[in-house]
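Here you go, one structure.
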Amino acid sequence: MNRKPGSGFHRPQNPGIVLLYPARRHEPEHERAVYLKLGERIAQVLDRRWGGLYDAGIRHELPLYLIPTCTLIGADIARQLGIRSENDLYGGVAPAAFVPTKSITHPLASPDAFAPEGWSHEFGLRIEDCVLNGITAFTIEDAIKAGERLLTHGAIRIKPVLATAGRGQEVVSCKAGLAQVVERQDREQLAQYGLVLEENLDEVNTFSVGQLRIGNIVASYVGTQCLTADNHGHTVYGGSDLIVVRGGFEQLLRLKLSPEYQVAIARAKIYDQAAMACFPGLIASRRNYDIASGTSTAGEPRCGVLEQSWRIGGASAAEIAAVQAFHADDTLQVVQATTVELFGVDAQAPDGAETLFSGNDPELGPISKYVKVQSYGN
């Protein structure tokens, strides 16, 4: 590898400090353990000191680089933490609580339907050709009306916007089933965050498209997600296999990619650009977009962005490992990076993979997480 002169051996006198910022009421044990390890890797890339968990009781004189465990909400918290741009964090800052959720992916049932302050009708218009058919509702009544409209074209998927890894989603094909699921929603939470009702696809492949900046390194990627069974037999996120390039989406598109990947990148770009244009105050150094490709109830091919993630997430281990490789070798332009999540006591790391976590999580039971980087094309 062509290591930068002095890389890994010299540290500036005032390098600043990297901290993991717990931003959720509850932090799952396995996620925190992985994020702490990823924080150390980010600190190495930035050539800064790794300080572990953020402690509000400690005053840091050095510049802070934060890794929030979820998207931060509002300019006030960003200002308090010294976040001015994407150079100050790995993750994002959004202007309202609903903005970093699935709810922005679809328009309202009508222009006069209820939505929280800050809702952008323009965003829905800009992305209508790059998402699936769907509607977002912020009241029980609007959700039922929206669902009944969508049911005329086939089964629909109801998606609570705060759930992750595919949990909490239900598919309904009749009005009775729709009403039953919608009526179970918490009205207060619904009014703040929304509920997504979306056409259901069969034979689905889920692609990941993203871009991140850590220090002076920008990396972009495309890849596929896999599903796995958790310890309760539920189908959940099981990892990502990514092609990561040094640079922006333009550099990514210069590779010889499959037509499916090219379409996924194009749709993610539209979504990304629209979000930055329509939600003032949005800051994101880590941008991940999930794109689903499958068939509709009528058997027609469908492809669209499902949601965005402007925070450290499931694919972050692969992203950060790729950036580490770019940091270590200035001539390296593309790698293949994989992250794997497996459940059960017999989970085995893939050949050449590094274990990030392997243990018994109090909530999920036995779970293991791995990361692997190799030359592109292997």
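Can you compute 3J(HN,Hα) from phi for each residue in the stretch 85-91, using the Karplus curve 6.51 cos²θ - 1.76 cosθ + 1.60 with θ = phi - 60°, rounded to whole Hz and x for Gly and Pro?
Coupling constants for the stretch 85-91: 7, 5, 7, 9, 7, 10, x Hz.
Here is a follow-up. Given the DSSP H assignment, sum -39500 (n - 2.57) over each helix run of at least 4 residues in the chain and divide by its residue total; what's the result at 222 nm in deg cm²/dmol, nearest 500? Each step should come with its number before you reach the end.
Working: 9 runs with 97 residues, N = 378.
-7500 deg cm²/dmol, from helical runs alone.
Rounded to a whole number, what % of the accessible area of the chain do carbon and sulfur atoms account for, probe 1.4 Å?
Reported share for carbon and sulfur atoms: 48 percent.
Separate question: Around Phe207, under 11 Å between beta carbons, what's the net of Lys plus Arg minus Asp minus Glu among the other residues? Could you put the intermediate results ahead of the total?
Details: positive: Arg267; negative: Asp241, Glu260, Asp290.
Net local charge, Phe207 excluded: -2.
Taking amide H positions as placed 1.01 Å from N in the peptide plane, with prolines and chain starts having none, which residues 5 or more places from Gly239, or on another chain, fall under 5 Å of its amide H?
Placed amide hydrogens put Cys226, Glu341 under 5 Å from Gly239.
I've got another one for you. Got a sec to turn the phi values of the stretch 315-327 into Karplus ³J(HN,Hα) couplings, 6.51 cos²θ - 1.76 cosθ + 1.60 with θ = phi - 60°, whole Hz, x for Gly and Pro?
Listing the rounded values in order: 8, 4, 4, 5, 4, 5, 4, 5, 4, 4, 5, 5, 5 Hz.
Okay, next question. Counting only heavy atoms of the protein chains, get the accessible area per residue of the stretch 212-307 (1.4 Å probe) and round it to a whole Å² value.
On the way: 3920 Å² over 96 residues.
Result: 41 Å² of accessible area for each residue.
Now, a different point. Can you list the HN-Hα couplings for the stretch 172-178, worked out from phi with the Karplus curve (6.51, -1.76, 1.60; θ = phi - 60°), rounded to whole Hz and with x for Gly and Pro?
10, 10, 8, 5, 5, x, 4
Find the relative contact order for the stretch 279-378 and round it to a whole percent, using C-alpha pairs within less than 8 Å whose residues are 6+ positions apart.
Values: 142 pairs, mean separation 22.0, N = 100.
The normalised contact order for the stretch 279-378 reaches 22 percent.
For the stretch 50-144, what number results from the quotient of the Cα radius of gyration and 2.2 N^0.38 Å?
Dividing the Cα radius of gyration by 2.2 N^0.38 Å gives 1.41.
Using a simple charge model, +1 on the beta-carbon of Lys and Arg, -1 on the beta-carbon of Asp and Glu, nothing else, what dipole does the chain show about its Cα centre, in debye to the nearest 20? Write down the numbers at each step before the final one.
Numbers: 35 positive and 43 negative charges, 214 e Å.
For this selection, approximately 1020 debye.
Can you tell me the relative contact order of the chain? Whole percent, Cα pairs under 8 Å, sequence separation 6 or more. Walk me through the intermediate numbers first.
Details: 830 pairs, mean separation 71.2, N = 378.
RCO, the chain: 19 percent.
Which entries of Lys102/Lys269; Lys37/Lys256; Lys37/Lys369; Lys269/Lys372 show an alpha-carbon separation above 23 angstrom in the structure shown? Provide the component values of the computation, followed by the final result.
Details: Lys102/Lys269 17 Å; Lys37/Lys256 33 Å; Lys37/Lys369 12 Å; Lys269/Lys372 26 Å.
In this structure, Lys37/Lys256; Lys269/Lys372 exceed 23 Å between Cα atoms.
Work out the charge dipole of the stretch 243-378 with +1 on the Cβ of Lys and Arg and -1 on the Cβ of Asp and Glu about the Cα centre, then indicate which of Met276, Trp310, Gly299 is farthest towards its positive end.
Of the listed residues, the answer is Met276.
The values are calculated or read from the model by the stated rules, or taken from the named source; none is laboratory data. Here the structure is a predicted model, which means the values were calculated and not measured. FYI the Cβ positions are ideal-geometry reconstructions off the backbone, even for glycines, and counts take in every protein chain you see. Accessible surface is based on the protein model in full, side chains and every heavy atom, while ligands, DNA and RNA are left aside. Shrake-Rupley method; radii C 1.70, N 1.55, O 1.52, S 1.80 Å.
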